[in-house]
1. Considering only residues that are touching a helix residue (DSSP H, G or I) at 6+ places or on another chain (Cβ under 6 Å), closer than 26 Å to A:Ser94 by Cβ, more than 9 Å from chain A (Cβ to nearest Cβ) and buried (at least 22 other Cβ atoms within 10 Å of the Cβ), which ones fall in the range B:193-227?
2. Could you check the range A:105-135 and list, in sequence order, the residues that are of a type in the set (Lys, Arg), facing chain B (nearest Cβ under 7 Å) and closer than 23 Å to A:Gly79 by Cβ?
3. Looking at A:Gly102, A:Gly29, A:Gly41, A:Gly63, which is the one that is of a type outside the set (S, T, N, Q), within 28 Å of A:Leu188 (Cα to Cα) and either within 14 Å of chain B (Cβ to nearest Cβ) or in contact with a Phe, Trp or Tyr (Cβ under 7 Å, 6 or more places away or on another chain) (or both)?
4. Looking at (1) under 17 Å from the mean Cα position of the chain (by Cα); (2) surrounded by 17 or more Cβ atoms within 10 Å (Cβ to Cβ); (3) polar (S, T, N, Q), find the lone condition where A:Gln126 falls short.
5. Can you tell me which residue in the range A:193-208 is nearest to A:Glu28 (Cα to Cα), limited to those that are touching a residue at least 60 places away in the same chain (Cβ under 8 Å) and in a helix (DSSP H, G or I)?
6. Does A:Leu49 count as farther than 24 Å from A:Ala212 by Cα and either outside the structural domain of A:His10 (by TED's automatic domain parsing) or modelled with pLDDT of 95 or more (or both)?
7. Condition (residue is assigned to a strand (DSSP E or B), of a type in the set (S, T, N, Q), in contact with a strand residue (DSSP E or B) (Cβ under 9 Å, 6 or more places away or on another chain) and under 23 Å from B:Val208 (Cα atoms)) applied to the range A:154-170: is it met by at least one residue?
8. Search the range A:145-171 for residues that are in contact (Cβ under 8 Å) with a residue 60 or more places away in the chain and within 13 Å of A:Thr197 (Cβ to Cβ) and pair each with any residue that is surrounded by fewer than 22 Cβ atoms within 10 Å (Cβ to Cβ) and small (Gly, Ala, Ser) when their beta-carbon atoms are under 6 Å apart and the residues are at least 6 apart or on different chains.
Amino acid sequence: MSMLEAAGVHVRFGDRVVLESVDLAVAEGEFHGVMGPNGAGKTTFFNVLTGRVKPSRGKIRLGGEDVTGLSPHRIANKGIARSFQIMTLFDEFSARDNVMMGLPEFRARGLDIARAAAGDRRFAEQASDALAAVGLADKGDVRAKDLSYGDRRALEIAVALAQAPRVLCLDEPTSGLGSDGVQRLATLVARLKGKLTIVAIEHDMEFLFSLADRISVIHWGQVVARGTPHELQQNEWVRRSNLGKFA
Amino acid sequence: MIVGSNSSSDAARLVTPTMLVLWLVLATVPLWITRIGLYPYLGIEILIWSLYALAFNLVLGRAGLPSFGHGAYFGIGAYSFGLCQLDIVANLWICLAAAAVVAGLAGVLVAMFISHRRGIYYAFMTIAFGQIFWTLAIKSHRITGGEDGLLKIKRLPADFGLVSFDLTDNVAFYYFVLAVFAVGVAALWRLVHSPYGRVVAAIRQSEVRAAHLGYNVWLYKASVFALSAAVSGFAGGLFAMAQLAAFPDVMSLHQSGYVVMMTLVGGGLVSFWGPVIGVFLFLTARDVIGALTNAWMLYFGLLFIAIVLFRPEGIAGALSAAMQRHSLNALRRRGTSAMRLLVGGGR
C-alpha cells in the first residue's frame, strides 16, 4: 500500500483545466520528485495534496485513508507537512517559536488559555532539537525575519519536521538558494531519505536527479513521464523537451 | 516591544515591574486626582474603557482582525446589565455575568458569519453587524428605551456574603472597578501569553502557515472574537453602572471608531499596554482640551494622523524605541569607557 496516493485528480478553475487525471503513488520512505515547466500545474497538485485546493474529481489517500477535500488543518493533523515556494514563516517569532508551533504536543495544547506558552521547557527542547537537525542550533533566538534566506529555507523544513509528518511535501526547496545552500539542503534531504516519505517539486535537476527515488514529470496538467532518474534520462519525451538538457 | 509586552522572560510571569508601577499609580488615583483639577469619575471611565480597549485589542492587535463595530458588544453588555437588574434579578455578580455572556453570545453569532473572511471583507462585515445591533437598540424602544436609553440603572452593592460594599460613591466604585480591572488584566495577560495567545498571534502573521501546521484557523478567529466580545460586554456592564444608564450611542459606528483610535494611538499593535495608554490619552485629552475648546476631537484627530504617519507602532512603540536607544547609548558609553581603560586613554 502506498503512503500517499492520488488517483484521477482533476482540477478546473472556471473554464481552465489545470490538472487532468493526475495519478501518483508514493511508497513509504520514498523520495518522489515532481518536475515540469512553469505553469504545468505542479503547485496546484501540491495544493490538492495538502488541502488548499479541492479537486473537481479524483481521490487523495494517505496511508489508505481517503483525505480528499479535507481542510488544510485536518490534512496536517493526519500527517502531511509542507513547505512553500514563497517562504511562509511567522516572521515576528523567533526561529525556536516557529518550530514550537509545529510540534504536535504544542498544537494539542493550542486552546489552553491558562498556562504560559513559554513555561514548558519540553517544547523549547524539542524545538531546539529540530533546529539542530537543520543546522540552526545557534539561531533559536533569532527572529525569523532576521535570518538569512538560506537559514529561512532551513527553518521552513525544521518547522515541517517538527510536525512529525508521515509525508513531507517540499515546494521548490532550493528556490533562491546559492550553491552552498543547495548543498546543505541536499545533505539534509539525503539524511531524511528512507526515514520519511518526501514529495518535492523542484526545478534544480541536479538536486532532484541525485536524490529522488522516482520522478514524475507534469506538463499541461498531466503526468507525461514517470520513473527512476535513470529511466527518465532514457525517456523520449524528456529527452526531446528542455528538461532533457538537465536530465 | 515595550517593557513587559513580549519578551519570553516576562511572558511566563503574571507580575512585572511595569505592572507594579501601574498598580501603584492606579491605587492612589483618588488621593491626587482632584488636586490636579480632574475628578474620580474620570478614573472610573479610564479603567472601564481600558478593559474594553484591552479586550478589543485581542482582536485587532493580537489576531490582526480589523473589527470596526466593536462598540456593539460594549453596548450589548451595558443593556444586558441594565435589563438583568431591572427585569430579572438585582444582583451585581449575576448582572455582570449576564453582560459578559450575552455580549459573548452576540460575538459567537457574528463570528460564525465573519471568521472565514479576511481583510477589508472582515472589516465591512464587523461594521455591518455593529450597525445592525445599533439599529436594534434604537428601534426596540420597549426593551431598550430607544434613543432615550435604558434609565434608572443602579450601582448594586458588591455582596460577598459576609460583607457587602456600597458602590454608590464614586471613590468606592473606583476601587471596585480597579479590583475588577486587575482581575481582567491578569486574565487577559495570561491569555495573551498562553499557547492559545501564541496561536492567535501566529494566525495574525500567516493564516496559511497556521492552517498547514494543523491549527483550525476558523475556530481560533471565531473564539478570539467571541472572547473579546464577552470581555467588552463585561466592561459595558460596568459602564452602565458608572453612567446609571445604557445608551445606544456607544454602539454607533463613530463610538466604535474611538476604541480603534485609542488602541492604535496607544500602540496596541506592539504592546499589551498600548490600549491603556491610548485610553488614558484620549479621555484625558477629551477633558483637558475639551475644557478649552469644543473642537478637542480635531486635535486628537491630528494626533492620530501624525501617529499613523510617523509612528504607526503608537506611543508604546515610540517609548519602546526610545528605551532601546537609551540602553544602546548606555552600552556604547560603557564600551567606550572600557576601551579607554584598556588602552589607557582614561588617564
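The values are calculated or read from the model by the stated rules, or taken from the named source; none is laboratory data. What you see is a predicted model, and the numbers here were worked out from it, not measured in a lab. Quick reminder, even Gly has a Cβ in these numbers, built from the backbone with ideal geometry, and neighbours come from all protein chains shown.
1. Once the filter is applied, which keeps residues that are touching a helix residue (DSSP H, G or I) at 6+ places or on another chain (Cβ under 6 Å), closer than 26 Å to A:Ser94 by Cβ, more than 9 Å from chain A (Cβ to nearest Cβ) and buried (at least 22 other Cβ atoms within 10 Å of the Cβ), the range B:193-227 yields B:Val200, B:Ile203, B:Val224.
2. A:Arg107, A:Arg109
3. Among A:Gly102, A:Gly29, A:Gly41, A:Gly63, only A:Gly102 is of a type outside the set (S, T, N, Q), within 28 Å of A:Leu188 (Cα to Cα) and either within 14 Å of chain B (Cβ to nearest Cβ) or in contact with a Phe, Trp or Tyr (Cβ under 7 Å, 6 or more places away or on another chain) (or both).
4. Failing condition for A:Gln126: (1).
5. Among them, the one singled out is A:Leu208.
6. no
7. no
8. A:Pro165/A:Gly79; A:Arg166/A:Gly79
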